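Everything below concerns the one structure shown next.
Quick note: the coordinates plus some simple rules give every number you see, no bench work behind them. All values reported here derive from a predicted model rather than from experimental measurement. Using ideal geometry, Cβ is built from the backbone for each residue, glycine included, and neighbour counts are taken over all protein chains shown.
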Amino acid sequence: MHIHQILLNIIFEYLEFYDKHIFKRINKYANKIRIIDLYNIDFRYLRDLDNKILMNYSDAIKLNADCNSNITNVNHMTKLKESGAQYSCGIDDKYKKSKFRKIRCNT
């Protein structure tokens, strides 16, 4: 990996969810950078997440599905390690317990 790619990855970690998308649009080198944190995002973006949108984030390692009944299938997210799946989350309870290494859930 080149030094500019390493620096872009470091900068990318500190951007907000919306800013990451803008950054990827204006920077041709950022197309290789993947959004992996879907846990620490603003509620206004979090409430719009659904199965169709999550198909674009198969590299995510963190997901916040709290109070989001639109998220029911995360089978394609094979790298997922941490998730919040409380309250009215649509993810199946059996799947929650077997899939995630670190999970916060109320069943």
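What FRET efficiency do you get for LYS32 and LYS52 if R0 is 25 Å and r is their Cβ-Cβ distance, rounded to the nearest 0.05? Numbers along the way, then the final one.
Details: r = 24 Å, r/R0 = 0.94.
Approximately 0.60, to the nearest 0.05.
Exposure proxy shown here: for HIS2, HIS21, the number of other Cβ atoms within 10 Å sets the order, fewest to most, as HIS2, HIS21.
Near ILE26: Cβ cut-off under 12 Å, other residues only, Lys/Arg at +1 and Asp/Glu at -1. The net charge is +3. Counting only aspartates and glutamates at least 8 places from LYS24 when in the same chain, those with an alpha carbon closer than 17 Å to its own are GLU13, GLU16, ASP37, ASP59. Within the shell of other residues whose beta carbon sits under 15 angstrom from the beta carbon of LEU8, the net charge comes to +4, with Lys and Arg scored +1 and Asp and Glu -1. Here LEU49, LEU38 are placed in order of increasing Cβ neighbour count within 10 Å, fewest first, which gives LEU49, LEU38.
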